[in-house]
Amino acid sequence: QVQLVESGGGLVQAGGSLRLSCVASGIIFSINVMGWYRQAPGKQRELVARISSGGGITSYADSVKGRFTISRDNAKNTVFLQMNSLKPEDTAVYYCNTGAYGAEYWGKGTLVTVSS
């Protein structure tokens with residue numbers, strides 16, 4: 001019933017930008033905290049950014065602070081991750097995440113590859 005669908009990944013050169021989107025269904029989107037995580041090859045999944053239900057409070061991993069921006073459009077049940085000044089180290093599968101009905105929910109991920 002709960003579904004998160006990411007899009008927007010792809011191949012980009014270092015210094016370039018991408019915008020990821022995640023469309024949610026099966027939840028009351030406007031009351032849910034949303035987050036973006038990523039998992040790079042050979043590494044553990046890590047939190048990238050998180051946004052409060054109304055969009056007024058955001059937090060970021062130190063590695064992306066100042067380069068990435070998380071936002072949301074509650075009318076469209078969508079959370080975004082704007083990624084600027086991309087580095088090869090940002091290469092990873094990016095996942096959308098939320099908690100609802102006492103459980104964690106994840107999208108299938110979208111691959112971001114940054115070439116040097």
- Query: Separation between the S116 and K76 pseudo-spin-labels, each 7 Å from Cα along Cα→Cβ, expressed in nm?
  - Reply: 3.5 nm
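With Cβ to Cβ distances under 11 Å as the rule, what net charge do the other residues near S116 carry (K, R +1; D, E -1)?
Values: positive: K87; negative: E89.
Once positives and negatives cancel, what remains is 0.
Please give the length that would be gained between S7 and K87 if that part of the chain were fully extended, namely 0.36 nm times their separation in residues minus their C-alpha to C-alpha distance (nm, one decimal).
On the way: separation 80, 0.36 × 80 = 28.80 nm, distance 1.94 nm.
My answer for the length gained is 26.9 nm.
Could you report segment 26-116's accessible area per residue, 1.4 Å probe, as an integer in Å²? Walk me through the numbers on the way to the answer.
Details: 4730 Å² over 91 residues.
Accessible area per residue, segment 26-116: 52 Å².
In segment 1-97, what percent of the accessible surface is made up of carbon and sulfur (1.4 Å probe, ligands and nucleic acids excluded)?
49 percent
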- Sequence-distant aspartates and glutamates (8 or more away, or on other chains) whose Cα lies within less than 16 Å of K65: E46, E89, D90
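Please tell me the relative contact order of the chain in percent, rounded to the nearest whole number, where contacts are Cα pairs under 8 Å and at least six residues apart. Please list the in-between numbers first.
Numbers: 283 pairs, mean separation 41.8, N = 116.
Computed value for the chain: 36 percent relative contact order.
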- Take the alpha carbon atoms of segment 59-116, find their radius of gyration, then divide it by 2.2 N^0.38 Å using N residues; give the quotient. 1.27
- Query: Going through segment 49-116, which trypsin sites (Lys or Arg not before Pro) have at most 13 other Cβ atoms within 10 Å and a DSSP loop state?
  - Reply: K65, K108
- Note on the structure: The computed P(r) of the chain puts the percent of Cα pairs beyond 21 Å at 30 percent
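Let me know the volume per residue of the alpha-carbon convex hull for segment 8-56, in Å³.
117 Å³
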- Note on the structure: Label model pair Y101, K43: point-to-point distance (7 angstrom along the Cα→beta-carbon line) in nm is 3.3 nm
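The values are calculated or read from the model by the stated rules, or taken from the named source; none is laboratory data. Since this is a predicted model, take the numbers as computed values, not measurements. Every residue, glycine among them, receives a Cβ derived from its backbone with ideal geometry; neighbour counts consider all protein chains shown. Note: accessible area is taken over every heavy atom of the protein model, side chains too, but ligands, DNA and RNA are not part of it. Shrake-Rupley method; radii C 1.70, N 1.55, O 1.52, S 1.80 Å.
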